[in-house]
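Q: Structure provided below as structure tokens; questions to follow.
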Amino acid sequence: MKDDRVYLGHILRCIARIEEYTVNGRDTFFASHLVQDGVVRNLQTLAESSRRLSQDVKALHPGVDWKGLAGFRNVLVHDCGQRQVSTFYTPTLGVLTPKSVSD
């Protein structure tokens, strides 16, 4: 088992990348398959890393819907080809914030 700090680092890097990729807003997101792919991939990595965190770390952050995040990961991994990219735009903006992970 890896140290929780490794997974927290993955999560924070993914958040930073998602913020970077979506900084120009909704129109740019929908206009670029490259941006969409980058966001979806980072959401997958973020959600997978969150599943691997210890229960002790998760207990320190009760405001994070850890179970919902794990479920979201399953949707991304198993249903992504079936879903419209528009279903991922809103979660991109509010799945997790650096503050909620680092408090």
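The values are calculated or read from the model by the stated rules, or taken from the named source; none is laboratory data. This structure is a prediction, so every number in the text was calculated from the model and none was measured. Note that each Cβ is placed from the backbone with ideal geometry, even for glycine, and that neighbours are counted across all protein chains shown.
Q: Would you list the helices (runs of 4 or more DSSP H) that sit entirely within the stretch 5-67 and hold 2 or more residues that are at pLDDT 90 or above and over 18 Å from H78 (Cβ atoms)? Let's see the steps before the verdict.
A: Values: elements: 26-31, 33-51, 55-59.
Ranges flagged: 33-51, 55-59.
Q: Sort out which residues of the stretch 61-76 are surrounded by 13 or more Cβ atoms within 10 Å (Cβ to Cβ) and either β-branched (V, I, T) or over 19 Å from C14 (Cβ atoms) (or both), and write them in order of number.
A: V64, V75
Q: Find all pairs meeting these conditions: Cβ atoms under 7 angstrom apart; at least six residues apart or on different chains; first residue within the stretch 1-27 and over 21 Å from D37 (Cα atoms); second residue polar (S, T, N, Q) and at pLDDT 85 or above.
A: These pairs meet every condition: D4/S54; Y7/S49.
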